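*Asks:* Below is one structure. I have some questions about it.
The values are calculated or read from the model by the stated rules, or taken from the named source; none is laboratory data. None of the values given here were measured: they were computed from a predicted structure. Backbone-built Cβ (ideal geometry, glycine too); neighbour counts: all protein chains shown.
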Amino acid sequence: MASGFLSSTLSLYTSIVISSQKSRGPGNAYMTFNVEKRSFTCFSSKNKPRFVDQILDYIEGGPKLRKWYGAPDLLPKDGSILEEDNESPDTEEDEVRDAVLVTDGDNEIGQMIILSLIVKRTRVKALVKDKRAAIEAFGTYVESMAGNANDRSFLKKALRGVRAIICPNEGFLSNVVSFKGVQYVILLSQLSVYRDASGIQALMTSNARKLAEQDESIVMASGIPYTIIRAGLLRNTPGGEQGFSFKEGSAAQGTLSKEDAAFICVEALDAVPQRGLTLEVVNGEEKVSDWKEWFAALVKKAEQ
């Protein structure tokens, strides 16, 4: 069930299951959000509604939501949506690039990012291991794709129509041969944590460190705008409760809530540098009241 697919992530916010169901009346369909309230902390600011408040707005929208977003009425019973490969002729010159690709829809942070993008009415593509489970979880609000990331033809298909890539963990960028058409890459990196590890921990994370180093090198050499978010050790703690620290060297020793990490990745989407931007972030004492202004100032400073 979809609840199993999302339970580890959404328990931090609320228990949400998104699915397409038939209504009692013939020929009708609606989007159902089953919500079981739990204790959670949401991203918030003085001027913006909390994350879960926005989700609740979705719930109250009822049947209008599907029409508003342009989703089809029902998921086919025969599962044909799972078999669609979009094997249309290659029309890269004419294709509209308006999608954001989340490279790991099974990852906790990846799922948080996906939900935030849905709230922002963003066209979302996501790489997942189990396409059926992803469709049951996110409905048709997400273009879920399952395949081998080492397969060049699959990657080419995954990147079709994509304007930006958000990588919530290491390993994806190392497989990409061409970023043609992609306008922006956001990479959540644990490289500082891996480099600071010692002893058994260093051995356990040696492969992850290698992938993280490759990913950072590849995106820096790609020639397209990028933001590398070097986070502290990621924790399953509520987001929005603490401030932040962006001091150089902080990521090696500090920690960061996974919710906060997902939130920062999404906020970075609207702050595209001309070349590249690398920042470190952990939870700390500094408060950020306006992330749009904060990122704009950081990008301006980096480009001076």
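*Asks:* With respect to ILE224, determine if the residue is under 20 Å from the mean Cα position of the chain (by Cα), of a type in the set (A, V, I, L, M, F, W, C) and surrounded by fewer than 21 Cβ atoms within 10 Å (Cβ to Cβ).
*Replies:* It is true that ILE224 is under 20 Å from the mean Cα position of the chain (by Cα), of a type in the set (A, V, I, L, M, F, W, C) and surrounded by fewer than 21 Cβ atoms within 10 Å (Cβ to Cβ).
*Asks:* In the stretch 229-304, which strands (runs of 3 or more DSSP E) lie fully inside it and hold 3 or more residues that are aromatic (Phe, Trp, Tyr) and closer than 14 Å to SER189 by Cα? Steps first, answer last, please.
*Replies:* Working: elements: 233-235, 243-245, 255-257, 276-284.
Because the criterion is at least 3 residues that are aromatic (Phe, Trp, Tyr) and closer than 14 Å to SER189 by Cα, no strands (runs of 3 or more DSSP E) in the stretch 229-304 meet it.
*Asks:* Scan the stretch 265-304 for residues that are more than 22 Å from the chain's Cα centre (by Cα) and of a type in the set (A, V, I, L, M, F, W, C) and jot them down.
*Replies:* Within the stretch 265-304, ALA297, ALA302 qualify.
*Asks:* Starting from residues that are farther than 16 Å from GLN253 by Cβ and among the small types (Gly, Ala, Ser), keep the ones in the stretch 274-300 and report whichever is surrounded by the fewest Cβ atoms within 10 Å (Cβ to Cβ).
*Replies:* My answer is SER289.
*Asks:* Looking at ILE200, ILE218, ILE166, ILE224, which one is within 24 Å of GLU286 (Cβ to Cβ) and either in a helix (DSSP H, G or I) or in contact (Cβ under 8 Å) with a residue 12 or more places away in the chain (or both)?
*Replies:* Details: ILE200 fails: within 24 Å of GLU286 (Cβ to Cβ); ILE218 fails: within 24 Å of GLU286 (Cβ to Cβ); ILE224 fails: within 24 Å of GLU286 (Cβ to Cβ).
When all the criteria are applied, what remains is ILE166.
*Asks:* Additional query: Look through GLY105, GLY110 and report the one residue that is in a helix (DSSP H, G or I), closer than 18 Å to PRO168 by Cα and under 14 Å from the mean Cα position of the chain (by Cα).
*Replies:* Details: GLY105 fails: in a helix (DSSP H, G or I).
Exactly one of GLY105, GLY110 is in a helix (DSSP H, G or I), closer than 18 Å to PRO168 by Cα and under 14 Å from the mean Cα position of the chain (by Cα), namely GLY110.
*Asks:* Taking the residues in the stretch 261-304 that are of a type in the set (Asp, Glu) and in contact (Cβ under 8 Å) with a residue 60 or more places away in the chain as candidates, determine which candidate is farthest from VAL124 (Cα to Cα). Write out each step before concluding.
*Replies:* Residues of the stretch 261-304 of a type in the set (Asp, Glu): 267, 270, 280, 285-286, 290, 293, 303.
Restricting the remaining residues to those that are in contact (Cβ under 8 Å) with a residue 60 or more places away in the chain gives 280, 290.
Values: GLU280: 26, ASP290: 24 Å.
That would be GLU280.
*Asks:* Moving on. Hey, any hits in the stretch 115-132 for a residue that's under 25 Å from LEU279 (Cβ atoms) and in a loop (DSSP other than H, G, I, E, B)?
*Replies:* The answer is yes, given that some residue of the stretch 115-132 is under 25 Å from LEU279 (Cβ atoms) and in a loop (DSSP other than H, G, I, E, B).
*Asks:* Under 8 Å between Cβ atoms, at least 6 apart or on separate chains: pull out the pairs that start in the stretch 119-134 with a residue that is farther than 15 Å from ARG163 by Cα and in contact (Cβ under 8 Å) with a residue 60 or more places away in the chain and end on any residue that is not hydroxyl-bearing (Ser, Thr, Tyr) and not in a helix (DSSP H, G or I).
*Replies:* ASP130/ASP106; ASP130/ALA146; ALA134/GLY105; ALA134/ALA126; ALA134/VAL128; ALA134/VAL142; ALA134/ALA146
*Asks:* Exactly one condition in (1) farther than 23 Å from GLY105 by Cβ; (2) touching a Phe, Trp or Tyr at 6+ places or on another chain (Cβ under 7 Å); (3) among the aliphatic types (A, V, I, L, M) is not met by ALA252; state its number.
*Replies:* (2)
*Asks:* Say whether the condition of being part of a loop (DSSP other than H, G, I, E, B), modelled with pLDDT under 90 and either crowded, with 20+ Cβ neighbours inside 10 Å or of a type outside the set (Asp, Glu) (or both) is met by at least one residue in the stretch 149-157.
*Replies:* Applying the first criterion (part of a loop (DSSP other than H, G, I, E, B)) to the stretch 149-157 yields 149-151.
Of the ones still in play, those that are also modelled with pLDDT under 90 are 149-151.
Still in the list and also either crowded, with 20+ Cβ neighbours inside 10 Å or of a type outside the set (Asp, Glu) (or both): 149-150.
Checked the stretch 149-157: at least one residue is part of a loop (DSSP other than H, G, I, E, B), modelled with pLDDT under 90 and either crowded, with 20+ Cβ neighbours inside 10 Å or of a type outside the set (Asp, Glu) (or both).
*Asks:* Residue under question is SER174, and the condition is that it be closer than 16 Å to MET220 by Cβ and modelled with pLDDT under 90; does it hold?
*Replies:* So SER174 passes the test.
To keep it simple, each residue is scored yes or no on (1) at pLDDT below 95; (2) over 20 Å from ILE113 (Cα atoms); (3) of a type outside the set (Asp, Glu); (4) touching a Cys at 6+ places or on another chain (Cβ under 9 Å).
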{"position": "ARG195", "(1), (2), (3), (4)": "yes, yes, yes, no"}
{"position": "ALA208", "(1), (2), (3), (4)": "yes, yes, yes, no"}
{"position": "TYR226", "(1), (2), (3), (4)": "no, no, yes, no"}
{"position": "LEU233", "(1), (2), (3), (4)": "no, no, yes, no"}
{"position": "PRO238", "(1), (2), (3), (4)": "yes, no, yes, yes"}
{"position": "ALA271", "(1), (2), (3), (4)": "yes, no, yes, no"}
{"position": "ARG275", "(1), (2), (3), (4)": "yes, yes, yes, no"}
{"position": "VAL299", "(1), (2), (3), (4)": "yes, yes, yes, no"}
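*Asks:* Mind listing whichever residues of the stretch 169-197 are touching a Gly at 6+ places or on another chain (Cβ under 9 Å), hydrophobic (A, V, I, L, M, F, W, C) and assigned to a loop (DSSP other than H, G, I, E, B)?
*Replies:* Of everything in the stretch 169-197, just one residue is touching a Gly at 6+ places or on another chain (Cβ under 9 Å), hydrophobic (A, V, I, L, M, F, W, C) and assigned to a loop (DSSP other than H, G, I, E, B), namely PHE179.
*Asks:* Sticking with this structure for a sec: Please specify each residue of the stretch 108-138 satisfying the condition of being surrounded by 23 or more Cβ atoms within 10 Å (Cβ to Cβ), of a type in the set (Gly, Ala, Ser) and either modelled with pLDDT under 90 or touching a Lys or Arg at 6+ places or on another chain (Cβ under 7 Å) (or both).
*Replies:* ALA134, ALA137
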